Amino acid sequence: MELGVTYQYKISAINAGGESEHSDQAEIFFYDPNQPKPATPSGVTITETKSITVMLEWQQVENAISYSIYRSTDPNGEFTKVANSTTPSYMDKPVEASTTYYYKISTASTGGESALSEVVSTTTEEAIEIPKVPTGLTAGEITTSAFEINWEDVAEAESYNVYRKTNEDGDYRQISSTDESAYIDESVSISDTGYSYKITAVNEMGESNLSEAIAIKMPVPGTPTELRVTMIGNNFVGLAWESNGGANQYNVYREADGEVKYLGYAKVDTFYDRTAEPNVTYTYYIKAANASGESETSNVVEVTTGYLTVLTNHMEEYVRTEDITGTAVSQLTNTLKQVKHHVERGSTNQAQKFLAKFSKQLDKAEGRENVSPPLAYAYLTHYSEALKKQLKNL
C-alpha cells in the first residue's frame, strides 16, 4: 500500500451457488502518523455553478498527494465526503437543481489528512432540459480552403458540436465544438467533391439529436491567368502561368489545325510539351482542376515551333540586351525577316539564300566586335546551321 492514498473496498460472499452482490463501499486511508500532516487548502472558490454542476478550485498544497471534497446542504450539519481529486480542482456533478450546497476541502499526504478548509457555498440554478435540435443551417462564405456554416441559436445551449462527412463517406464524425452558432471549417480538402454537415446543441444535461444535414459542394478552382510561353524549341514548348488557388492539378490543352488535344496535367505552374512537331503553329490554354471539376479556360497563347522561331527569339533577345550593336542590328534583323518571309511562302531556296547571307553578316559582325559575348555568336551560329539543315530536308 502507498502512504497518503485512499483505497476503496467492496466485499462479496461466494459459495457453490455463486457470488453475492457487492457490499457497500468502505474507504481506508493509509498514512504514517510519525510524519507531519499536510497544510489545509486555502483559496477555495467556486468558479462556476449550473443547474446540476458545481466547479471548485483551490490553491495547490505542497507535498499533497490528493484532496478530499466534503459537501453538505446545511452549513452547521454534517459534511459528507463526496470525492477525491489529485488536482486542486473538482467538478461536482450531478447535484440537485435550485439547491444550496456547502463545501470544504482537505489535503492528504503521507502524514495523514489535514483539517478541513473554510466553507464555501453556492446555490445551483433552476433545472433545465437537454437543448432542442439546431435548425436553420445555412452556408456562408464558401471557398476552396474554408466552408462557413451558420444556424439559429438554441435556447439553453452552452455549446454546439459539428459533425461532418464527405460526399464519398457514409458516416458523420465530430470535427469540432464551438460556443457560437456559426463555424468555419478550415480542414476541407480540394480532393473531396464536397461535405455534408450536421449540428447538435449541448448543455450540462447532455447533447441534442443531430440536426438536418446541409450539403456544400467544393467550388472549382480559380481560373489560371498570365499563361505565357517560356521556351520554344524545334519540337518542344515550355509554358508557365499564375495559379489562383483551389487546384490540385492543371490540365493542359493544345490546338492545331482545328483539333484540340489534352496533353496531360501539371502539379505546378509550369509544363513542357515535348510532343510538339517542328514548324507547326500551336495554340495552348490551361484549366485548373480539383475533385469538383475544371475552372474556366485561361488566356490562350500561340506559338510556332522550329529552329526559325528559336533563331528569331534569340536574335530579339540579344538586340534587347545589346549583345548585338551597331549596324549589325538592322542588317541581321532585316535578313532574318526575309528568311521568315520566304519560309512562310514556301520558297525554301530563297530562304536558304537569305539564311546564308545572315551567316556571313553574323561572321562580319563578330569580327567587328558587334556581337558580344561569344556565347551570343555561338547560339546564333548553331541555330542558323540547324535551320539550314532543316530547310534542305523540306
Practice item. Can you tell me which residue within the range 277-299, out of those that are in a loop (DSSP other than H, G, I, E, B) and modelled with pLDDT of 95 or more, is farthest from Ile190 (Cα to Cα)? Key: Asn299
Exercise for review: Kindly provide the set of residues from the range 377-387 that are under 13 Å from Val310 (Cα atoms) and of a type outside the set (Val, Ile, Thr), ordered by number.
Suggested key: Tyr379, Leu380, His382, Tyr383, Ser384, Glu385, Ala386, Leu387
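Any idea which of Glu148, Glu141, Glu78, Glu125 is assigned to a loop (DSSP other than H, G, I, E, B) and either closer than 30 Å to Glu180 by Cα or touching a residue at least 12 places away in the same chain (Cβ under 8 Å) (or both)? Don't jump to the end; show me each part of the working.
Details: Glu148 fails: assigned to a loop (DSSP other than H, G, I, E, B); Glu141 fails: assigned to a loop (DSSP other than H, G, I, E, B); Glu78 fails: either closer than 30 Å to Glu180 by Cα or touching a residue at least 12 places away in the same chain (Cβ under 8 Å) (or both).
It is Glu125.
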Point to revise | Looking only at the range 179-197, and only at residues there that are among the aliphatic types (A, V, I, L, M) and closer than 27 Å to Val154 by Cα, the one that is surrounded by the fewest Cβ atoms within 10 Å (Cβ to Cβ) | key: Ala182
Check your understanding: Which residues, counting only those in the range 214-240, are surrounded by 18 or more Cβ atoms within 10 Å (Cβ to Cβ), under 23 Å from the mean Cα position of the chain (by Cα) and part of a strand (DSSP E or B)?
Key -> Ile214, Ile216
Check your understanding: If we keep just the residues of the range 37-71 that are touching a Lys or Arg at 6+ places or on another chain (Cβ under 8 Å) and among the polar types (S, T, N, Q), which is surrounded by the fewest Cβ atoms within 10 Å (Cβ to Cβ)?
Key -> Thr53
Practice item. Could you grab the pairs with beta carbons closer than 8 Å, sequence gap of 6+ or different chains, first residue in the range 203-219 and under 20 Å from Asp192 (Cβ atoms), second one surrounded by fewer than 18 Cβ atoms within 10 Å (Cβ to Cβ) and among the β-branched types (Val, Ile, Thr)? Key: Ile214/Thr138; Ile216/Ile142; Lys217/Thr193; Met218/Thr193; Pro219/Ile142; Pro219/Thr143
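Every residue in the range 102-111 that is out of contact with any Gly (no Cβ under 8 Å at 6 or more places or on another chain) and buried (at least 20 other Cβ atoms within 10 Å of the Cβ), please.
Here is the first cut: in the range 102-111, the residues out of contact with any Gly (no Cβ under 8 Å at 6 or more places or on another chain) are 102-107.
Passing the criteria: Tyr103, Lys104, Ile105, Ser106, Thr107.
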Exercise for review: Could you identify the single residue in Glu294, Glu242 that is in contact with a strand residue (DSSP E or B) (Cβ under 7 Å, 6 or more places away or on another chain), free of Cβ contacts under 8 Å to residues at least 60 places away in the same chain and under 30 Å from Asn167 (Cβ atoms)?
Suggested key: Glu242
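The values are calculated or read from the model by the stated rules, or taken from the named source; none is laboratory data. What you see is a predicted model, and the numbers here were worked out from it, not measured in a lab. Ideal geometry is used to build each Cβ from the backbone, glycine not excepted, and the neighbour counts take in all protein chains shown.
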